[in-house]
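For reference, the structure is listed below as structure tokens.
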Amino acid sequence: MSGYADLIQRDRVHSTIFTSEDIYQAELTNIFYRYWVYVAHESEVPNPGDYAVKWIGEKQVIVSRRADGEIGIFFNRCRHRGATVCMDAYGSATFFRCPYHGWTYDSAGSLVGVPYPSRYGEGFDKSALGLARVPRVGTSSGFIFASLAEDGTTLEEHLGNAVGYLADFANGSPTGTVSLTAGASKSFFRGNWKFVGMDGYHTNFTHKTVLDLRQRKSGPSAARGAGNTDKSLNESWDLGNGHCRLDLTGRDKVEVGAASTTSIAAGIPDTDGGRTYMRLMDEAYGDESREVIRRSRDVHIHVWPNLQLIGPSIRTVRPLAAGRTEVICYPAMLDGVPEEINTARVRSFEWFNGVAGFGSPDDTEIFERNQIGLQADYRPWLVLARGLEAEPRGNGSSVGNVTDEVPQRAQMRAWKTAMSQAGPTNDADATGKEAGAADREVTR
Ligand code: FES
């Protein structure tokens, strides 16, 4: 083989892309340090001075709401001798003071104080020693993305067909915003980050426990996703640029008449809280409210490379090594709705996504078994041939049966494109962009 591109073919992939440490390092360079990646949510830094410590690949960054309300992202690295200047995951502060020798930076990342400055010479220029900025920061429906490449594809171009689903997710709230204020479920697994994708084929097997429990509690109609067979109306979508989704609403579309004649949208309880929620949504979205609610509840998308929105949850994926991955899941709270609605979202999140839930731990177990299996690489090619002929749906998207490997092939094509290109066009460390330079933020 001559390069990474040879490892991805139309109907199969080579297992070394999941096991090679060299390839993992190349992924950091060619994907995580060049493409747009999800970093944080605006609700994690709601007020001026608020910050959150996050990661872009192996580089730790500070997402900071500056005094002027704008969001900046800086590398968490003192410009003196490199210590991290911010240790807490979240907080609010006027300044970041390095614990090593006391250099102090403001919330815009500018170096504002150096102890005992008389021992530096005439040419010592504090204005050139601000925290290094992540070159490009952009937001879409409250989701904050960053790119370490100084130039290149815009965030809008990268998100492409995924943009509407980010908006759909947030529009489950009458204010059109969600907040990550209900904690998170953080886990690690001993497997490759690319296993975390969209897979409608595994549901009836990996998640048999979930389906059995739902059926026992509420009858066969509650076992949503159990219809994921080759005869299902559910679909798998390639949205382009590596983004993909599952549409699990096939049965709902057939049954939509019954739900639309009631005063309550499908999935919303006929309780005081449910009725108040409906009233608020009607006031916010008018005649569109039921369709807005339906779309908000049906988001099931992977925004390549590292963000997933599924039901009420936001899931982030961070590679730590070829065979080690961090996954953080947040229940997204709808702003401006009765507490009952958000409580139900948290319970639903805990039930499936929590580290002691019935869903995500089974996925994690499979990912670890996958990694173990791939070490036995005597026959190294993996089969991704299911439903090769996806149906084009315009704007570069295509669709297949929910059990087809449309999402996997979509992500592998994006991987191949990224890994076939030259090294990063820019590296923030190399460009030395200083805090305080003109903003390059893109806001949707
Ligand atoms: Fe930060 Fe010295 S390393 S002040």
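Quick one: which strands (runs of 3 or more DSSP E) lie wholly within region 1-59 and hold at least 1 residues that are among the acidic types (Asp, Glu)?
Numbers: elements: 12-14, 37-41, 50-56.
Output list reads 50-56.
Among the residues of region 346-398, those identified as assigned to a loop (DSSP other than H, G, I, E, B) and acidic (Asp, Glu) are Asp377, Glu389.
The number of residues in region 291-322 being surrounded by 21 or more Cβ atoms within 10 Å (Cβ to Cβ), more than 15 Å from Leu166 (Cβ to Cβ) and more than 12 Å from the chain's Cα centre (by Cα) comes to 3.
In region 233-255, what residues are modelled with pLDDT of 90 or more, assigned to a loop (DSSP other than H, G, I, E, B) and out of contact with any Phe, Trp or Tyr (no Cβ under 8 Å at 6 or more places or on another chain)? Don't jump to the end; show me each part of the working.
Narrowing region 233-255 to residues modelled with pLDDT of 90 or more: 233-247.
Subsequent filtering for residues that are assigned to a loop (DSSP other than H, G, I, E, B) retains 233-234, 241-242.
Leu233, Asn234 - these are the residues of region 233-255 that are modelled with pLDDT of 90 or more, assigned to a loop (DSSP other than H, G, I, E, B) and out of contact with any Phe, Trp or Tyr (no Cβ under 8 Å at 6 or more places or on another chain).
Just checking, how many residues over region 187-206 are among the hydroxyl-bearing types (Ser, Thr, Tyr) and under 18 Å from Ile314 (Cα atoms)? Let's see the steps before the verdict.
Restricting attention to region 187-206, the residues satisfying the condition of being among the hydroxyl-bearing types (Ser, Thr, Tyr) are 187, 201, 203, 206.
Checking the rest, the ones that are also under 18 Å from Ile314 (Cα atoms) come to 187.
Qualifying residue count, region 187-206: 1.
Are any residues in region 87-121 open to solvent by 20 Å² or more (accessible area, probe 1.4 Å), near the ligand (Cβ under 10 Å from one of its atoms) and under 15 Å from Asn76 (Cα atoms), and if so, which ones? Those that are open to solvent by 20 Å² or more (accessible area, probe 1.4 Å), near the ligand (Cβ under 10 Å from one of its atoms) and under 15 Å from Asn76 (Cα atoms): Arg97, Pro99, Tyr100, Thr104.
Of all residues in region 399-437, which are outside any loop (DSSP other than H, G, I, E, B), aliphatic (A, V, I, L, M), at pLDDT below 80 and surrounded by fewer than 20 Cβ atoms within 10 Å (Cβ to Cβ)?
Matches in region 399-437: Ala430 only.
Checking the structure you have, find out if any residue of region 134-155 is open to solvent by 40 Å² or more (accessible area, probe 1.4 Å), touching a residue at least 60 places away in the same chain (Cβ under 8 Å) and of a type in the set (Asp, Glu). Within region 134-155, one or more residues are open to solvent by 40 Å² or more (accessible area, probe 1.4 Å), touching a residue at least 60 places away in the same chain (Cβ under 8 Å) and of a type in the set (Asp, Glu).
Give the residue, chosen from Ala258, Ala226, that is modelled with pLDDT under 90 and open to solvent by less than 70 Å² (accessible area, probe 1.4 Å). Working first, answer last.
Values: Ala258 fails: open to solvent by less than 70 Å² (accessible area, probe 1.4 Å).
Criteria check complete, one pass: Ala226.
Considering region 61-86, and only residues there that are open to solvent by less than 40 Å² (accessible area, probe 1.4 Å) and of a type in the set (S, T, N, Q), the residue that is nearest to the ligand (Cβ to nearest atom) turns out to be Asn76.
Residue-wise test of (1) touching a residue at least 12 places away in the same chain (Cβ under 8 Å); (2) among the charged types (D, E, K, R); (3) open to solvent by less than 80 Å² (accessible area, probe 1.4 Å).
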{"site": "Pro331", "(1), (2), (3)": "yes, no, yes"}
{"site": "Asp335", "(1), (2), (3)": "yes, yes, yes"}
{"site": "Glu339", "(1), (2), (3)": "yes, yes, no"}
{"site": "Thr343", "(1), (2), (3)": "no, no, yes"}
{"site": "Val346", "(1), (2), (3)": "yes, no, yes"}
{"site": "Asn353", "(1), (2), (3)": "yes, no, yes"}
{"site": "Asp363", "(1), (2), (3)": "yes, yes, yes"}
{"site": "Arg369", "(1), (2), (3)": "no, yes, no"}
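Filter region 312-326 for residues that are under 25 Å from Ala344 (Cβ atoms) and out of contact with any Asp or Glu (no Cβ under 9 Å at 6 or more places or on another chain) and give the result. Working first, answer last.
First, pick out the residues of region 312-326 that are under 25 Å from Ala344 (Cβ atoms): 312-316.
Once the filter is applied, which keeps residues that are under 25 Å from Ala344 (Cβ atoms) and out of contact with any Asp or Glu (no Cβ under 9 Å at 6 or more places or on another chain), region 312-326 yields Pro312, Ser313, Ile314, Arg315.
Applying the selection to region 13-26, what residues are out of contact with any helix residue (DSSP H, G or I) (no Cβ under 7 Å at 6 or more places or on another chain) and buried (at least 16 other Cβ atoms within 10 Å of the Cβ)?
Quick first cut of region 13-26, residues out of contact with any helix residue (DSSP H, G or I) (no Cβ under 7 Å at 6 or more places or on another chain) only: 20-22, 24-25.
Listed by number, the residues that qualify are Ser20, Tyr24.
The values are calculated or read from the model by the stated rules, or taken from the named source; none is laboratory data. Just so we're clear, the structure is a prediction, and the values are computed from it rather than from any experiment. Every residue, glycine as well, gets a Cβ built from its backbone with ideal geometry; the counts of neighbours run over all protein chains shown. We work out accessible area using only protein heavy atoms, side chains counted, and drop any ligands, DNA or RNA first. Shrake-Rupley method; radii C 1.70, N 1.55, O 1.52, S 1.80 Å.
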